[in-house]
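Each remark here refers to the structure printed beneath this line.
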Amino acid sequence: MKHSLLLIFFSFSMLLGKGQEWKVSLGDPVPSFTVLDKQGKSLSIDSLRGKVVLINFFATWCPPCRQELPRLQNEVWERWGHRKDFAVMVLAREEGWDKLDPFIKNAGYTFPIFPDPKREVFSLFAESQIPRNVLLDKEGKIIYQSIGYTPEEFTA
């Protein structure tokens, strides 16, 4: 039996689309989580209340993530990172310091990056699809979410 290319593409795109949904919604409070920095010091998302927080999920091997992170560095972190009422948490899904250290050094990133080697934090937000961005207001409520990289997201 012969299948049309359109039918095959539709079926494949439906499979790829699975898991793109969010486990959290706009207006929800951010799920509580804690990450560890390079020195093993813990940072809780709850400790950032009173700040606008951008959470970014990425992986070093992900081509759209590699396009997005330089924009995050140049157009978000360098512009707003000095503010006391703003924080960035970039989380590397399924990666540890063994991959992050050379990646950070080669790219020259200065924003805070944390490993999420077992997807413990990522799984609070979604099952699959990176990059993802989540923006929190000062009360810790989700006010923006995005999946994938688009240049327009960083264009003022």
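Under a Cβ-Cβ cut-off of 13 Å, what is the net charge of the residues other than L72 that fall near it, where Lys and Arg count +1 and Asp and Glu count -1? Present the calculation step by step, with values, prior to reporting the outcome.
Working: positive: R66, R71, R79, R132; negative: E68, E75, E78, E153.
Here the charged neighbours net out to 0.
Counting only heavy atoms of the protein chains and using a 1.4 Å probe, S128 has close to 30 Å² of accessible surface.
A simple charge model with +1 on the Cβ of Lys and Arg, -1 on the Cβ of Asp and Glu and nothing else charged puts the dipole of the chain at about 80 debye relative to its Cα centre.
Placing unit charges on the Cβ atoms only, positive for Lys and Arg and negative for Asp and Glu, gives region 57-122 a dipole magnitude near 120 debye about its Cα centre.
Per the Kirkwood formula on distinct C-alpha pairs, the Rh of region 45-98 is how many angstrom? After inverting the mean inverse Cα-Cα distance, the result is 12.2 Å. Placing a label point 7 Å from the Cα of L43 along the Cα-to-Cβ line, the residues of region 103-133 whose backbone N sits under 19 Å from it are 103-125, 132-133. Heavy-atom accessible surface of region 43-132, averaged per residue, reaches 48 Å², computed with a 1.4 Å probe.
Take every pair of alpha-carbon atoms less than 8 Å apart whose residues are at least six positions apart; their mean separation over the length of region 10-127 yields a relative contact order of 32 percent. Taking a point 7 angstrom from the Cα of L26 along the C-beta vector, which residues in region 132-150 have backbone N less than 14 Å away? In region 132-150, the label zone of L26 (backbone N under 14 Å from the point 7 Å along Cα→Cβ) covers 134-137, 142-147. Summing charges over neighbours of W61, with a neighbour being any other residue whose Cβ is under 13 Å away from its Cβ, gives +1 when K and R count +1 and D and E count -1. Amide H contacts under 5 Å for Y149: none, restricted to partners 5 or more places along the chain or on a different chain, H placed in the peptide plane at 1.01 Å from N.
Extension gain, L124 to E153: 0.36 nm times the residue separation minus the Cα-Cα distance gives 8.1 nm. Normalising the Debye intensity of the chain to I(0), with uniform scatterers on Cα atoms only, and taking log10 at q = 0.20 Å⁻¹ returns -1.42.
Here r is the Cβ-Cβ distance between D137 and A107 and R0 is 30 Å; the resulting FRET efficiency, rounded to 0.05, is 0.55. For W22, the accessible area of its heavy atoms, probed at 1.4 Å with every protein chain present, is near 60 square angstrom. Residues whose amide H lies under 5 Å from that of A126, counting only those 5 or more places away or on a different chain, are K23; hydrogens are built 1.01 Å from N in the peptide plane.
The values are calculated or read from the model by the stated rules, or taken from the named source; none is laboratory data. Predicted, not measured: the structure shown is a model, and the values here were computed from it. Virtual Cβ from ideal backbone geometry, glycine too; neighbours counted across all protein chains shown. Protein only, heavy atoms only, side chains kept; ligands, DNA and RNA dropped before computing areas. Shrake-Rupley method; radii C 1.70, N 1.55, O 1.52, S 1.80 Å.
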